[in-house]
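Chemist: Below: one structure in structure tokens.
The values are calculated or read from the model by the stated rules, or taken from the named source; none is laboratory data. These numbers were taken from a predicted model, which means no experiment stands behind them. With ideal geometry, Cβ positions are generated from the backbone for all residues, glycine too; neighbour counts draw on all protein chains shown. In case anyone asks, the SASA skips ligands and DNA or RNA and just uses the protein heavy atoms, side chains included. Shrake-Rupley method; radii C 1.70, N 1.55, O 1.52, S 1.80 Å.
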Amino acid sequence: MATMEQVRRQLEEAGQAHLLRFWPELDPEGRAVLLGELSALDLRELRQHCLSAAAAASRRKGLDEIQRDMKPMPPELVGSVCHSDPEALASWEQEGFHLISQNKVAVLLLAGGQGTRLGVPYPKGMYNVGLPSGKTLYEIQAERIRKVEELASEKCGSKGTVPWYIMTSEFTLGPTKTFFVEHDFFHLDKSNVILFEQRMLPAVTFDGKAILEQKDKVAMAPDGNGGLYRALEDNQILEDMESRGVQYIHVYCVDNILVKMADPVFIGFCVSKGAECGAKVVEKFDPAEPVGVACQVDGVYQVIEYSEISPENAQMRNPDGRLTYNAASICMHFFTVEFLKTVVREMEPHLQPHVALKKVPFVDEEGNLVKPIKANGIKMEKFVFDVFQFSKNFVIFEVLREDEFSPLKNSDTADKDTPTTARRALLSQHYRWALKAGARFLDTGGYQIPEKLSLSERDDPPVVCEISPLVSYFGEGLEVHMKDKDFTSPILINKNQVKALTNP
Ligand code: UTP
């Protein structure tokens with residue numbers, strides 16, 4: 001650790017001497033904490049970071065140029081669960097299962113976010129949205145990994161492993177580790193669950209000064225989900241992947257309750273197109289929906305954010321009536337390990353950070369804690385999809401929103417992307433699977449409950465039927481449990497048991 005004098009000199013050089021403002025009044029413990037924190041910071045890099053962010057903001061391609069140069073993805077680079085030929089879909093799926101059975105596929109979870117909108121004091125993956133089983137997001141994801149491995153083994157005759165890489169941050173690493181240990185890694189082999197940590201960056205004021213959130217603590221935030229690329233390098237994750245023979249990676253966000261872990265169709269599609277990078281998308285129907293769309297600008301693949309697209313482009317429609325820019329990114333990506341190696345070694349420094357203006361609590365000159373009511377600080381973040389621009393072979397794969405995308409972002413006080421909407425999305429999907437498998441649902445009087453297939457996001461399904469991921473990965477294999485059978489809601493279908501639950 002650097003000495004106090006070294007730190008003081010560096011801080012002065014970096015224009016950050018104010019961080020030692022409360023040094024004289026700190027007790028020995030506080031001094032040790034602050035010195036440790038400041039020694040760990042690369043202050044020269046911080047300065048550089050601030051300068052390049054500001055420069056990037058001014059250099060940014062003008063919105064008019066983006067509109068002029070934007071083009072939708074060419075159809076030959078787009079696969080779709082609805083529009084692609086069923087035979088092609090089946091062969092992509094087969095290819096995906098084959099690669100899984102050969103140990104060539106890993107999943108990588110982005111779980112370093114602070115989840116401020118949800119507002120719970122623990123990592124989002126530990127959240128239970130109130131399913132009858134009480135399962136958390138982490139448990140659901142773990143069980144889907146076990147199931148996809150099992151299906152690949154049944155279909156291809158050899159059992160492969162899908163390693164689970166989990167990127168955490170200072171906020172989420174400790175509790176996530178403890179949670180996995182307490183739950184015995186959800187019956188996965190713990191050597192195949194690899195937790196690693198992304199970097200943190202100081203939050204800075206608009207005039208480039210790092211913010212003290214306590215007298216002995218600098219306000220830090222994770223460096224965005226695009227911090228992935230530095231974290232891969234810092235923790236030698238690509239080397240670990242190569243040592244296991246992994247060639248393809250499915251990257252996803254922690255909060256999508258419907259995530260198809262290591263989705264064989266998506267992986268098989270990307271690999272058979274020779275892509276080095278791919279994105280899953282859902283169809284954007286409403287021009288005003290605040291989502292980023294995958295497209296090309298001047299021949300370069302990228303996600304154009306909602307704030308960057310003009311109303312004219314957002315509203316443009318094809319002759320079939322669909323929006324021209326309809327490929328809404330859902331933070332579910334495919335990468336080859338080879339592509340990531342190039343990104344990590346050559347491209348990462350070229351990624352421009354995004355500037356997010358946030359309310360950052362701070363201690364004022366007198367040492368009082370202030371909770372600002374308007375944005376007072378800048379957090380700099382990189383985004384995981386920013387590397388699409390470096391890809392020569394990029395594809396997108398369109399899936400159905402109701403089957404694959406329901407993110408948990410907000411608490412139940414909001415009306416969108418909440419625990420309620422996530423629970424509803426999962427139970428609606430399981431209800432659809434059960435009906436397709438031939439189940440009949442009866443009310444307590446023994447009368448059949450009328451089927452309701454077109455459910456909106458606001459509708460609860462007419463029955464509660466939760467299906468364990470260990471029983472079905474994506475609706476398959478349910479006939480044996482459900483065909484022509486009568487069930488009374490609520491039920492929970494587990495591996496060797498259909499459990500009738502009592503009504504709440
Ligand atoms: P969000 O942008 O939704 O952020 O992250 P968040 O932290 O979950 O929630 P808010 O904005 O504070 O309410 C999308 C995904 O990226 C991950 C998150 O964990 C989530 O899976 N992420 C975000 C990281 O892994 N690291 C980061 O620095 C930021």
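Chemist: Going by the structure shown, is residue 404 within 16 Å of the ligand (Cβ to nearest atom), touching a Lys or Arg at 6+ places or on another chain (Cβ under 9 Å) and closer than 28 Å to residue 272 by Cα?
Modeler: On the way: within 16 Å of the ligand (Cβ to nearest atom): yes; touching a Lys or Arg at 6+ places or on another chain (Cβ under 9 Å): yes; closer than 28 Å to residue 272 by Cα: yes.
Here the answer is yes, as residue 404 does meet what is asked.
Chemist: Could you tell me which residue of the range 483-504 is nearest to residue 134 (Cα to Cα), considering only residues that are in contact (Cβ under 8 Å) with a residue 24 or more places away in the chain and within 34 Å of the chain's Cα centre (by Cα)? If you could, list the steps in order and put the result at the bottom.
Modeler: So in the range 483-504, the residues in contact (Cβ under 8 Å) with a residue 24 or more places away in the chain come out as 483-495, 501.
Filter once more, so that each one left must be within 34 Å of the chain's Cα centre (by Cα): 489-495, 501.
Details: 489: 17, 490: 14, 491: 13, 492: 11, 493: 13, 494: 13, 495: 16, 501: 13 Å.
Step by step, filter the range 483-504, then rank; the result is 492.
Chemist: Considering only the range 262-285, how many residues are open to solvent by 10 Å² or more (accessible area, probe 1.4 Å) and either modelled with pLDDT under 95 or of a type in the set (Phe, Trp, Tyr) (or both)?
Modeler: Total satisfying the criteria: 1.
Chemist: Here is a further query. For the range 145-171, which positions are within 16 Å of the ligand (Cβ to nearest atom) and open to solvent by 10 Å² or more (accessible area, probe 1.4 Å)?
Modeler: Here is the first cut: in the range 145-171, the ones within 16 Å of the ligand (Cβ to nearest atom) are 164-171.
If the condition is that a residue be within 16 Å of the ligand (Cβ to nearest atom) and open to solvent by 10 Å² or more (accessible area, probe 1.4 Å), then 170, 171 are the ones that fit.
Chemist: State yes or no: is residue 132 open to solvent by 40 Å² or more (accessible area, probe 1.4 Å) and farther than 23 Å from residue 253 by Cα? It would help to see each step written out before you state the result.
Modeler: On the way: open to solvent by 40 Å² or more (accessible area, probe 1.4 Å): yes; farther than 23 Å from residue 253 by Cα: yes.
Judged against the criteria, residue 132 is a match.
Chemist: Taking the conditions exactly as written (acidic (Asp, Glu), more than 23 Å from residue 106 (Cβ to Cβ) and surrounded by 20 or more Cβ atoms within 10 Å (Cβ to Cβ)), does residue 223 satisfy them or not?
Modeler: Values: acidic (Asp, Glu): yes; more than 23 Å from residue 106 (Cβ to Cβ): no; surrounded by 20 or more Cβ atoms within 10 Å (Cβ to Cβ): yes.
Against the criterion (acidic (Asp, Glu), more than 23 Å from residue 106 (Cβ to Cβ) and surrounded by 20 or more Cβ atoms within 10 Å (Cβ to Cβ)), residue 223 does not qualify.
Chemist: A further question follows. Can you pull out the helices (runs of 4 or more DSSP H) entirely within the range 1-70 that have at least 1 residues that are loosely packed, with under 15 Cβ neighbours inside 10 Å and at pLDDT below 75?
Modeler: Values: elements: 4-13, 28-40, 43-59, 63-69.
By residue number, 43-59.
Chemist: Okay, moving on. Select from the range 366-376 the residues that are assigned to a loop (DSSP other than H, G, I, E, B) and either among the basic types (Lys, Arg) or without any contact (Cβ under 8 Å) to a residue 40 or more places away in the chain (or both) and list them in ascending order. It would help to see each step written out before you state the result.
Modeler: Restricting attention to the range 366-376, the residues satisfying the condition of being assigned to a loop (DSSP other than H, G, I, E, B) are 366-368, 371-376.
Of everything in the range 366-376, those that are assigned to a loop (DSSP other than H, G, I, E, B) and either among the basic types (Lys, Arg) or without any contact (Cβ under 8 Å) to a residue 40 or more places away in the chain (or both) turn out to be 366, 368, 371, 372, 373, 374, 375.
Chemist: Is it the case that some residue within the range 243-261 is of a type in the set (Phe, Trp, Tyr), more than 23 Å from residue 92 (Cβ to Cβ) and open to solvent by 10 Å² or more (accessible area, probe 1.4 Å)? Step through it out loud before you land on a result.
Modeler: Narrowing the range 243-261 to residues of a type in the set (Phe, Trp, Tyr): 248, 252.
Okay, now just the ones that are also more than 23 Å from residue 92 (Cβ to Cβ), so none.
No - not one qualifying residue is present in the range 243-261.
Chemist: Please go through the range 172-220 and pick out each residue that is surrounded by fewer than 18 Cβ atoms within 10 Å (Cβ to Cβ), among the small types (Gly, Ala, Ser) and within 16 Å of the ligand (Cβ to nearest atom).
Modeler: 174
Chemist: If you don't mind, there's one more thing I want to ask. For the range 112-129, give me the residue count where each residue is more than 10 Å from the ligand (Cβ to nearest atom) and under 20 Å from residue 406 (Cβ atoms). Walk me through it before giving the result.
Modeler: Initial filter on the range 112-129 (more than 10 Å from the ligand (Cβ to nearest atom)): 120-122, 126-129.
The next check asks that each one be under 20 Å from residue 406 (Cβ atoms); those that pass are 120, 126-129.
The qualifying residues number 5.
Chemist: For the list (1) touching a helix residue (DSSP H, G or I) at 6+ places or on another chain (Cβ under 8 Å); (2) of a type outside the set (A, V, I, L, M, F, W, C); (3) under 27 Å from residue 495 (Cβ atoms); (4) open to solvent by 60 Å² or more (accessible area, probe 1.4 Å), I need the number of the one condition that residue 122 fails.
Modeler: (3)
Chemist: List the pairs whose first member sits in the range 210-229 and is farther than 22 Å from residue 18 by Cα, whose second member is modelled with pLDDT under 95 and within 7 Å of the ligand (Cβ to nearest atom), and whose Cβ atoms are under 6 Å apart, counting only residues at least 6 apart or on separate chains?
Modeler: Sorted first by the residue in the range 210-229, then by its partner, the pairs are 224/381.
Chemist: Also: Look through the range 295-343, keep the residues that are more than 15 Å from residue 64 (Cα to Cα) and small (Gly, Ala, Ser), and return whichever of them is nearest to the ligand (Cβ to nearest atom).
Modeler: The selected residue is 329.
Chemist: I've got another one for you. Open to solvent by less than 40 Å² (accessible area, probe 1.4 Å) and under 20 Å from residue 73 (Cα atoms): which single residue out of 393, 313 fits that description? Step through it out loud before you land on a result.
Modeler: Details: 393 fails: open to solvent by less than 40 Å² (accessible area, probe 1.4 Å).
When all the criteria are applied, what remains is 313.
Chemist: Of the residues 372, 361, which is over 17 Å from the mean Cα position of the chain (by Cα), at negative phi and away from the ligand (no atom under 16 Å from the Cβ)? Write out each step before concluding.
Modeler: Details: 361 fails: away from the ligand (no atom under 16 Å from the Cβ).
Just a single option satisfies the conditions, and that option is 372.
Chemist: Kindly state which strands (runs of 3 or more DSSP E) lie completely within the range 271-358 and contain at least 3 residues that are among the hydrophobic types (A, V, I, L, M, F, W, C) and farther than 27 Å from residue 103 by Cβ. Walk me through how you get there before you give the answer.
Modeler: Working: elements: 277-283, 293-297, 300-304, 327-336, 354-358.
Filter on the range 271-358 gives 293-297, 300-304, 354-358.
Chemist: Another question, then. Which of the strands (runs of 3 or more DSSP E) found entirely inside the range 197-258 contain at least 2 residues meeting this: under 30 Å from residue 403 (Cβ atoms)?
Modeler: On the way: elements: 200-202, 212-214, 220-222, 248-253.
It comes to 248-253.
Chemist: Taking the range 171-191 as the region of interest, how many residues are at pLDDT 95 or above and closer than 27 Å to residue 382 by Cα? Please lay out each step first, then the result.
Modeler: Going through the range 171-191, the residues at pLDDT 95 or above turn out to be 172-191.
Filter again for closer than 27 Å to residue 382 by Cα, leaving 172-177.
Of the residues in that region, 6 qualify.
Chemist: Could you please give the count of residues in the range 462-497 that are touching a Phe, Trp or Tyr at 6+ places or on another chain (Cβ under 7 Å) and within 22 Å of residue 147 (Cβ to Cβ)? Give the steps one after another, and end with the answer.
Modeler: Kept after step one, since they are touching a Phe, Trp or Tyr at 6+ places or on another chain (Cβ under 7 Å), are these residues of the range 462-497: 463, 465, 467, 472, 475, 478, 487, 489.
Those left that are additionally within 22 Å of residue 147 (Cβ to Cβ): 465, 467, 472, 475, 478, 487.
Number satisfying all stated conditions: 6.
Chemist: Right, something else. Check residue 109 against each of (1) over 30 Å from residue 301 (Cβ atoms); (2) open to solvent by less than 20 Å² (accessible area, probe 1.4 Å); (3) within 16 Å of the ligand (Cβ to nearest atom) and name the one condition it does not meet.
Modeler: So the condition that residue 109 fails would be (1).
Chemist: Just checking, does the range 201-216 include any residue being closer than 29 Å to residue 269 by Cβ and touching a helix residue (DSSP H, G or I) at 6+ places or on another chain (Cβ under 8 Å)? Working first, answer last.
Modeler: In the first step, residues of the range 201-216 are kept if they are closer than 29 Å to residue 269 by Cβ; the result is none.
No, that holds for no residue.
Chemist: Within the range 494-504, is there a residue that is open to solvent by less than 40 Å² (accessible area, probe 1.4 Å) and not polar (S, T, N, Q)?
Modeler: Looking through the range 494-504, none of the residues is open to solvent by less than 40 Å² (accessible area, probe 1.4 Å) and not polar (S, T, N, Q).
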